[in-house]
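**Q** Can you keep this structure in mind? I'll have questions shortly.
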Amino acid sequence: MEEKRRVFPVWRGIGASSAVGWSQGWGRCLRWEPGSQERGSRIPVFDYPVWLLFCRRGRARLREVCQRGRGAIRLPTDLLNLKLPQLFDIHQVPMVFREDSIISGYRHPQSSAMDCVLSSFQMNNETINIWTHFLPTWYFMWRFLALCSTMNFLNDSYTWPLLVYMLLICIYPFTSSCAHTFSSMSAESRHICYFFDYGALSLYSLGCAISYGYYVMPDCWVNSWLHQHFVLIAIGNSLFCTSMSCYSSVSLLLSFQTNSLKTDKRFVELQFPKRSKALRTGAFVVPFIFDTVPLFYRALICFWGGGTPSDALSSHCYHLLFAFLTCFLFTAHLPERLAPGRFDYIGHSHQLFHISAVVGTHFQMEGVVADMMSRRAWLQLHGATPSFLGTIGALAVSVALNLAVIGIFSAPLLWKSRPGSAQQHAHREQ
C-alpha cells in the first residue's frame with residue numbers, strides 16, 4: 001500500500017510529479033510522493049500554503065504543517081512570529097503626520113522601511129491610498145504595452161507625444177503609491193517622499209501639455225504662437241508646480257531626543273495652514289488650466305456651435321468632469337469633515353481623490369489616443385511634425401530641472417536629519 005502523509009489542502013506548485021495546479025479531491029494536501037522506481041527515493045512536493053495565514057487558526061495550522069513537513073516547506077521561521085506594526089491615534093503622533101478629521105489608524109512616525117511595506121497589507125488610514133494608485137499603475141502599464149505592440153514608437157515621430165504621455169501616466173501613480181508607503185519613516189522622509197510625488201504630478205501635467213499640443217489643439221489654433229510655444233510654457237509650468245508645492249509642504253521638523261520632542265515652527269504649513277493649502281492647490285490648478293485651454297475651446301465650439309461631439313471629445317469631457325471632482329475632494333475634505341473618525345480607514349477624501357484622479361486619467365488617455373488616430377492625416381498635412389526635442393527632449397530637460405528643485409528643498413531636510421545636526425542646533429540656541 002502506497003504510503004502518503006497528508007497534512008492540509010494546498011496549492012500544488014512546481015516540483016510535483018503531476019501538472020501544476022490544484023490536485024484533485026482529498027489529495028489536495030501537502031505530501032511526499034515517491035520518486036522513480038529505479039532510485040526508490042522520495043521527493044518532496046514543494047507546496048507553499050502561505051494562504052493558511054489568512055484562514056481561521058491558520059497560523060497554528062501552518063505551524064503544524066511545518067512540524068510535520070520535516071523541512072519540505074521552506075518558509076522563513078520569522079513568518080510564524082510575524083507581527084504587523086502598531087497603529088496610533090491622532091494625539092499619539094506629531095503634528096506633521098496628522099490629517100484633517102482623521103482620528104485613528106496612524107502608523108509609527110519613525111517606522112522602518114520593512115514596517116512601511118508591511119503596513120500596506122494592514123488596514124490603516126494609508127492602506128487604500130497606497131493600493132488605489134499601485135494597482136492602476138499596472139493597468140496603465142498594460143495599456144502602454146498594448147499600444148507598443150500596435151505602434152512604432154521608435155521610428156514614427158508622430159507617436160512620440162503619446163509615448164511621453166503614456167510613460168508619465170505610469171510613473172505618477174507609482175510614485176504616489178511609494179510616497180504614501182514610505183512617508184512614515186520620519187518627518188524629513190515624509191516631506192521628501194511627497195516632494196517626489198509633487199514632481200511626478202508636475203511632470204504628468206507636462207505630458208498632458210505635450211499630447212494636447214500635438215493631438216488636441218483646435219484646428220484654428222494649429223501653427224499659432226500659442227501652439228508653437230505650448231510645450232515651452234508647459235515646462236515652465238512644471239517647474240512652477242514643483243517649486244510651489246514643495247514650498248507649501250515644508251512644515252514641522254521633528255527632533256526626537258530620548259522621550260522629548262522638539263519642534264521648529266518656522267515653516268509655512270504650521271504657521272499658515274490655509275495659505276499652505278491654497279498655494280499647493282494653486283500650484284496644480286495653474287498647469288491644469290493652461291493644458292486644458294485648447295480642450296475647453298474645442299468643447300465650447302462643439303456644443304455652442306451645434307456640432308456633434310466625437311468619441312474623443314466625449315472622453316475628454318468625462319476627464320474634465322472627474323478633474324473637477326478631484327479638485328473638489330482635495331480641497332473639501334469630505335466626507336470625513338462631516339463625521340471625524342468615521343472614515344479613517346475607508347471612504348475618506350484622499351482615497352476618493354485618488355480614485356477620481358485615476359478614472360479621469362483613464363478617460364483622458366482614451367481621448368488622447370482617439371484624437372491621435374482620428375486626426376492623424378489632417379495634423380500631418382497642416383501641423384508641424386513632432387520633434388525629438390519637443391517631446392522626449394522636453395521630458396528629459398524637465399526631469400532634470402524638477403529633480404534639481406526637489407534636491408534644493410530636500411537638502412536642508414537631509415542635513416537636519418543628520419545625527420549631529422540637532423545637537424549643533426541646540427548648542428547654537430544656548
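**Q** Classify segment 90-429 as rounded, prolate or oblate, taking a ≥ b ≥ c as the square roots of the eigenvalues of its Cα gyration tensor: rounded when a/c is under 1.5, otherwise prolate if a/b is larger than b/c and oblate if not.
**A** On the way: a/c = 2.15, a/b = 1.82, b/c = 1.18.
It comes out prolate by the Cα gyration axes.
**Q** Further, regarding this structure: Could you tell me the distance between the Cα centroids of segment 180-243 and segment 124-166, to the nearest Å?
**A** 16 Å
**Q** Applying the Karplus parametrisation 6.51 cos²θ - 1.76 cosθ + 1.60 with θ = phi - 60° to the phi angles of segment 112-118, what ³J(HN,Hα) value in whole Hz is obtained for each residue in order, glycine and proline being reported as x?
**A** 7, 4, 5, 4, 5, 5, 5
**Q** By counting other Cβ atoms within 10 Å of each Cβ, how are ILE210, ILE171, ILE289 ranked from fewest to most?
**A** Going from sparsest to densest Cβ surroundings: ILE289, ILE171, ILE210.
**Q** Going by C-beta contacts inside 10 Å, put ASP197, ASP311, ASP115 in order with the fewest on the left.
**A** ASP311, ASP115, ASP197
**Q** Output wanted: per-residue J couplings in Hz (rounded whole) for segment 101-108, from phi through Karplus 6.51 cos²θ - 1.76 cosθ + 1.60, θ = phi - 60°, x for Gly and Pro.
**A** Each residue of segment 101-108 in turn: 6, 9, 8, 9, x, 7, 7, 4 Hz.
Bear in mind these aren't lab numbers, they're just calculated from the coordinates by the rules spelled out. As the structure is a computational prediction, the values presented were derived from the model and not from experiment. A quick note on method: Cβ atoms are made from the backbone with ideal geometry, for glycine too, and the neighbour counts reach across all protein chains shown.
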